[in-house]
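Just below is one structure, and these are the notes that go with it.
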Amino acid sequence: MAIRRYTASADTTIANAYEPNLTTRATGANMGASDVLDVFSIYGRQSTSSAELSRILVKFPVTDISTDRTNDIIPASGSVSFYLR
């Protein structure tokens, strides 16, 4: 079977890390247009139970993938594997 590639059309990293004052969370942080996707978890910086986390959001062309499945370009669900690279 051939390899079919779908490229992400958008991505960003969002975080809820504390600002340097360690009292306010930087929840408005959006690192779109960055050349890297950052994943981190920081525990215990503000208090012993505090957690600061980041998440990655990636947008793929789901419509294109669905159309390719309808047109039998990619196999039916359960007969194909998708890998993120």
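The values are calculated or read from the model by the stated rules, or taken from the named source; none is laboratory data. Just so you know, these numbers come straight off a predicted model, no measurement behind them. Note: ideal-geometry Cβ built from the backbone for every residue, glycine included; neighbour counts use all protein chains shown. Only protein heavy atoms, including side chains, enter the accessible area calculation; ligands, DNA and RNA are left aside. Shrake-Rupley method; radii C 1.70, N 1.55, O 1.52, S 1.80 Å.
Scanning the stretch 50-65 for residues that are among the β-branched types (Val, Ile, Thr) and open to solvent by less than 90 Å² (accessible area, probe 1.4 Å), which turns out nearest to ASP38 (Cα to Cα)? Of everything passing the filter in the stretch 50-65, ILE56 is nearest to ASP38 (Cα to Cα). Exactly one of these conditions fails for ASP68: (1) farther than 30 Å from GLU19 by Cβ; (2) open to solvent by 80 Å² or more (accessible area, probe 1.4 Å). Give me its number. It is condition (2) that ASP68 fails.
For the stretch 43-63, the set of residues classified as over 19 Å from the mean Cα position of the chain (by Cα) and either modelled with pLDDT of 90 or more or more than 22 Å from MET31 (Cβ to Cβ) (or both) consists of GLY44, SER47, THR48, SER49, listed by residue number.
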